[in-house]
Amino acid sequence: MQIRTFALSAAIAQVATLVAADASAYWKSFTSQVDPKNITVPSIEQTASIDPAQECVYYNPETSLFTFKASEWPSIWEVATTNGMNETTEFLNLYNSIDWTKAPNITVRTLDGDGNLDTTGYDSTKDPDCWWSATTCTTPKISDVNEDISRCPEPETWGLTYDDGPNCSHNAFYDYLQEKKLKASMFYIGSNVVDWPYGAMRGVLDGHHIASHTWSHPQMTTKTNQEVLAEFYYTQKAIKLATGLTPRYWRPPYGDVDDRVRWIASQLGLTAVIWNLDTDDWSAGVTTTVEAVEQSYADFITMGTNGTFANSGNIVLTHEINNETMSLAVENLPKIISAYKQVIDVATCYNISYPYFEDFEWTNVLNGTKSNASGSATISGSDASASNVATPAAKVNASTSGAMSLIPNLVMASVFIAALLL
Ligand SMILES: [Zn+2]
């Protein structure tokens with residue numbers, strides 16, 4: 001009897017071990033027709049128009065590169081548990097392999113009537129959940145979760161990041177970054193990746209650092225554990241499908257993350273990348289003026305030479321989204337390059353050798369033989385090190401309520417695309 005009990009316990013222990021191992025290796029079951037070390041992106045139509053309505057021209061990806069069966073994925077631009085995706089065997093296996101009894105007991109947040117996060121009743125002074133939207137907290141209050149990245153450690157460094165891609169018609173912008181030998185961290189939305197897989201392929205081909213920006217761009221703290229897991233999981237799977245790579249980094253839409261969401265991200269090996277400067281570029285001509293965003297850029301450029309970043313650098317929130325945000329980038333990047341010692345992606349500035357789960361070493365990307373992947377995008381700027389006046393903390397200029405108003409455009413585009421796909 002004793003032996004049997006022991007054998008049974010051992011068997012259970014073994015199963016538990018296997019399950020745990022499966023959870024951490026979830027990405028190994030993903031498939032892709034793309035070799036990230038040998039990408040050829042078919043040429044596609046593009047537009048230089050600033051009219052968002054003309055921005056996207058749908059293309060059918062070559063089936064030798066990308067095969068997408070809509071029935072096997074969440075609905076585009078809807079929470080990732082849609083289309084029965086919370087009940088698939090693969091998702092349930094993943095969900096059940098996680099020990100949810102260890103998850104922090106943190107309430108699921110709600111939105112108010114205007115679609116903004118409701119922080120009523122949250123103790124922002126104590127900030128028990130390290131809820132960024134309430135306090136801009138980036139250092140978790142619990143152990144065993146990955147701490148956020150929010151600035152490049154090197155002085156006088158601009159951490160270059162673009163959110164909300166990929167898109168069908170951003171070739172001109174990617175051409176520009178290539179011409180300037182700039183590498184950025186690109187935070188891709190899963191729904192956009194499956195709509196515009198060539199954009200994601202090009203991101204990898206050009207040597208950009210690709211990371212996750214969730215499946216449907218929700219305020220993640222308002223989603224249940226299951227929904228949060230699905231938003232991460234299907235985005236990982238989509239980026240792998242389009243590029244052959246599975247990211248280790250993600251950016252919370254609107255910066256909305258707390259220790260519950262961090263804990264779930266950590267189960268999938270994901271670390272959040274926030275920012276310490278926000279251009280609010282998405283709002284130009286939407287909820288504010290282009291001039292106001294130009295002023296933010298000007299202020300941040302000045303910080304490159306006035307000692308603000310004498311001890312450590314920044315990470316700046318900017319967007320691909322549309323030609324307005326991309327035009328602002330193209331206009332300001334030369335000035336940024338002049339004002340800062342380095343303009344680099346987050347994987348480079350944080351010295352991350354493997355920003356993906358696959359064997360794809362980052363220094364090889366940066367030092368690769370491709371003509372477009374030469375050097376580390378380190379560009380010498382004016383000498384600002386003379387200033388000893390260090391501002392301890394960068395100006396935190398983060399909006400949490402903002403980008404909502406852009407979403408209808410994206411939703412409209414995706415509805416249009418969905419109609420085409422059907
Ligand atoms: Zn976003």
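Residues that are over 17 Å from the mean Cα position of the chain (by Cα) and aliphatic (A, V, I, L, M): does the range 262-274 have at least one? No - not one qualifying residue is present in the range 262-274.
Matching residues to (1) in a loop (DSSP other than H, G, I, E, B); (2) under 17 Å from the mean Cα position of the chain (by Cα):
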position	(1), (2)
ASN306	yes, no
GLU324	no, no
LEU328	no, no
ALA347	no, yes
GLU358	yes, no
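When the residues of the range 252-267 are filtered to those that are buried (at least 24 other Cβ atoms within 10 Å of the Cβ) and part of a loop (DSSP other than H, G, I, E, B), the one that is farthest from the ligand (Cβ to nearest atom) is ASP258. In the range 232-251, of all residues being among the hydroxyl-bearing types (Ser, Thr, Tyr) and not in a helix (DSSP H, G or I), the one that is farthest from the ligand (Cβ to nearest atom) corresponds to THR246. Whether a residue is surrounded by fewer than 22 Cβ atoms within 10 Å (Cβ to Cβ), within 16 Å of the ligand (Cβ to nearest atom) and at pLDDT 95 or above was assessed, and ASP299 does not pass this test.
Of the numbered criteria (1) surrounded by fewer than 24 Cβ atoms within 10 Å (Cβ to Cβ); (2) under 13 Å from the mean Cα position of the chain (by Cα); (3) within 13 Å of the ligand (Cβ to nearest atom), the one ASP278 fails is (2). In this structure, does SER71 turn out to be buried (at least 21 other Cβ atoms within 10 Å of the Cβ) and in a helix (DSSP H, G or I)? For SER71, the condition - buried (at least 21 other Cβ atoms within 10 Å of the Cβ) and in a helix (DSSP H, G or I) - is not met.
Considering the range 302-321, the residues that are of a type in the set (A, V, I, L, M) and at pLDDT 95 or above include one that is nearest to the ligand (Cβ to nearest atom), namely LEU317.
Among the residues of the range 219-232, just one is more than 16 Å from ARG262 (Cβ to Cβ) and surrounded by fewer than 24 Cβ atoms within 10 Å (Cβ to Cβ), namely GLN226.
Here's the yes/no breakdown for (1) touching a residue at least 24 places away in the same chain (Cβ under 8 Å); (2) within 12 Å of the chain's Cα centre (by Cα); (3) more than 24 Å from GLN342 (Cβ to Cβ); (4) within 16 Å of the ligand (Cβ to nearest atom):
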| position | (1), (2), (3), (4) |
| --- | --- |
| ASP163 | yes, yes, no, yes |
| ASN167 | yes, no, yes, yes |
| LEU177 | yes, no, no, no |
| LYS181 | yes, no, no, no |
| ALA184 | yes, yes, no, yes |
| SER191 | yes, no, yes, yes |
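Restricting the range 281-296 to residues that are within 16 Å of the ligand (Cβ to nearest atom) and of a type outside the set (Val, Ile, Thr), which is farthest from the chain's Cα centre (by Cα)? Restricting to residues being within 16 Å of the ligand (Cβ to nearest atom) and of a type outside the set (Val, Ile, Thr), the top hit is ALA284. If the condition is being away from the ligand (no atom under 16 Å from the Cβ), among the small types (Gly, Ala, Ser) and either in contact (Cβ under 8 Å) with a residue 12 or more places away in the chain or crowded, with 21+ Cβ neighbours inside 10 Å (or both), then the range 128-149 contributes only ALA134. On the stretch given as the range 42-68, residues that are modelled with pLDDT under 90 and assigned to a loop (DSSP other than H, G, I, E, B) total 16.
The values are calculated or read from the model by the stated rules, or taken from the named source; none is laboratory data. Being a predicted model, the structure only gives us computed values, none of them experimental. Glycine gets a Cβ as well: all are built from the backbone with ideal geometry, and neighbour counts include every protein chain shown.
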